[in-house]
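Peer 1: Here it is, the structure in full.
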Amino acid sequence: MSSFAEPPAGLTLRSPRMSGLLVPLAAASLLVASALVAGFRQQDWEYPIIRAVNAHARQSAALDRAMHALTTRDLLQGVPFVALVWYCWFDSPATRARLLAGLAAATTAGMLSRVLQLLLPTHPRPLHQAGLGFVLPFGVEPEALNHYNSFPSDHGALYFALCAVVGQARPRLAIAAAAWAVIVDLARVYEGYHFPSDISGSIGLAVLVVLLFQTRPVLAQATRVLDLESSARPGFYMLAFLVTCQVATLFDDLRQLGRGLAAVLIHHDVFGGS
């Protein structure tokens with residue numbers, strides 16, 4: 001059994017392939033540039049793009065339905081990326097610590113994006129921007145996602161972080177995964193859920209978080225967790241299944257349960273509960 005200080009045989013705690021100064025600086029620059037565009041150049045630069053894309057809305061029911069499926073079906077969204085992580089899991093024991101740390105990074109990137117959406121005074125989503133004259137594609141509800149801002153995309157952060165995680169083990173698979181992530185996130189632009197800067201900002205954020213979680217201290221913690229894989233294998237894989245199911249859906253079930261519990265507690269207090 002490995003210890004905290006000693007990683008499993010075959011795992012060297014060197015800097016990951018994406019390390020060095022160039023990639024983190026590029027990711028940080030992309031995040032900052034996207035935020036500046038979202039805050040100061042959206043009408044000049046992004047409105048024309050959204051209008052050009054939106055010109056195709058309601059012109060083809062098949063196109064609208066396909067785009068709506070890409071934004072509503074878990075099997076087309078988070079599931080493929082998590083499935084690729086599982087595929088890479090059995091490459092070698094040396095890969096597993098990076099994948100485990102990467103899953104934690106992807107989850108953190110998605111959660112951080114949602115927090116930023118709630119806290120940043122940025123902008124409503126395209127379908128809620130009165131000045132855009134946005135035409136809703138078939139299947140899109142007028143009040144969809146109207147309770148928080150859109151920068152950066154939490155879905156984009158999760159998907160591109162998972163692509164980076166897959167890239168730790170299988171770079172070629174990561175390229176295919178990134179191509180699919182672009183398609184899925186472009187569908188979210190088409191549906192009016194995001195501006196392009198929301199997506200590009202999420203890419204920068206995802207890469208930064210993944211790099212942070214691929215450092216020596218985090219990988220050492222991941223090797224410690226991996227002790228459970230050998231000492232309590234059934235429980236480890238049961239929990240892994242449950243957690244990765246939630247990662248694939250951006251913890252939607254837990255969030256829905258949390259909202260329901262909060263509503264019950266508020267109702268209980270309002271109507272004379274303890």
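The values are calculated or read from the model by the stated rules, or taken from the named source; none is laboratory data. Computed from a predicted model, the values in this text were never measured in an experiment. Don't worry about glycine lacking a Cβ; one is built from the backbone with ideal geometry, like all the others, and counts go over all protein chains shown.
Peer 1: Looking only at the range 228-262, count how many residues are exposed (fewer than 12 other Cβ atoms within 10 Å of the Cβ), more than 24 Å from the chain's Cα centre (by Cα) and not hydrophobic (A, V, I, L, M, F, W, C).
Peer 2: Here the count works out to 4.
Peer 1: From Leu257, Leu250, Leu239, which residue is in contact with a helix residue (DSSP H, G or I) (Cβ under 9 Å, 6 or more places away or on another chain) and more than 30 Å from Ala52 (Cβ to Cβ)?
Peer 2: Result: Leu239 is the single residue among Leu257, Leu250, Leu239 that is in contact with a helix residue (DSSP H, G or I) (Cβ under 9 Å, 6 or more places away or on another chain) and more than 30 Å from Ala52 (Cβ to Cβ).
Peer 1: Given the options Val210, Val184, name the one that is among the β-branched types (Val, Ile, Thr), at pLDDT 95 or above and farther than 22 Å from Asp74 by Cα.
Peer 2: Just one listed residue meets the conditions, Val210.
Peer 1: If you check Ala161, Ala181, Ala176, which single one turns out to be free of Cβ contacts under 8 Å to residues at least 60 places away in the same chain, aliphatic (A, V, I, L, M) and either surrounded by fewer than 22 Cβ atoms within 10 Å (Cβ to Cβ) or within 19 Å of Ala69 (Cα to Cα) (or both)?
Peer 2: Numbers: Ala161 fails: either surrounded by fewer than 22 Cβ atoms within 10 Å (Cβ to Cβ) or within 19 Å of Ala69 (Cα to Cα) (or both); Ala181 fails: free of Cβ contacts under 8 Å to residues at least 60 places away in the same chain.
Selected residue: Ala176, the only one of Ala161, Ala181, Ala176 that is free of Cβ contacts under 8 Å to residues at least 60 places away in the same chain, aliphatic (A, V, I, L, M) and either surrounded by fewer than 22 Cβ atoms within 10 Å (Cβ to Cβ) or within 19 Å of Ala69 (Cα to Cα) (or both).
Peer 1: Sticking with this structure for a sec: Go through the range 44-58 and report how many residues are assigned to a loop (DSSP other than H, G, I, E, B) and under 17 Å from Arg125 (Cβ atoms).
Peer 2: Final tally of qualifying residues: 1.
Peer 1: Continuing with the same structure: For the condition over 20 Å from Asp227 (Cα atoms), surrounded by fewer than 19 Cβ atoms within 10 Å (Cβ to Cβ), small (Gly, Ala, Ser) and under 20 Å from the mean Cα position of the chain (by Cα), what is the one hit in Ala83, Ala109, Ala130?
Peer 2: Unique residue meeting the criteria: Ala83.
Peer 1: Of the residues Leu112, Leu145, Leu84, which single one is among the hydrophobic types (A, V, I, L, M, F, W, C) and closer than 17 Å to Phe195 by Cβ?
Peer 2: The match here is Leu145.
Peer 1: Under 9 Å between Cβ atoms, which residue pairs at least 6 apart in sequence (or on different chains) link something in the range 113-138 that is more than 19 Å from Asp185 (Cα to Cα) with a partner that is aromatic (Phe, Trp, Tyr) and modelled with pLDDT under 90?
Peer 2: Leu118/Tyr148
Peer 1: Report whether or not Trp89 is free of Cβ contacts under 8 Å to residues at least 12 places away in the same chain, aromatic (Phe, Trp, Tyr) and farther than 22 Å from Glu46 by Cβ.
Peer 2: When the stated conditions are applied, Trp89 passes them.
Peer 1: List the number of the failed condition for Thr95; all other conditions in (1) in contact with an Asp or Glu (Cβ under 9 Å, 6 or more places away or on another chain); (2) over 22 Å from Tyr190 (Cβ atoms) hold.
Peer 2: Only one criterion in (1) in contact with an Asp or Glu (Cβ under 9 Å, 6 or more places away or on another chain); (2) over 22 Å from Tyr190 (Cβ atoms) is unmet by Thr95, namely (1).
Peer 1: Still on this structure, please answer the following. Which residues, counting only those in the range 28-77, are in contact with a helix residue (DSSP H, G or I) (Cβ under 7 Å, 6 or more places away or on another chain), under 21 Å from Gly204 (Cβ atoms) and aromatic (Phe, Trp, Tyr)?
Peer 2: Correct list: Trp45 only.
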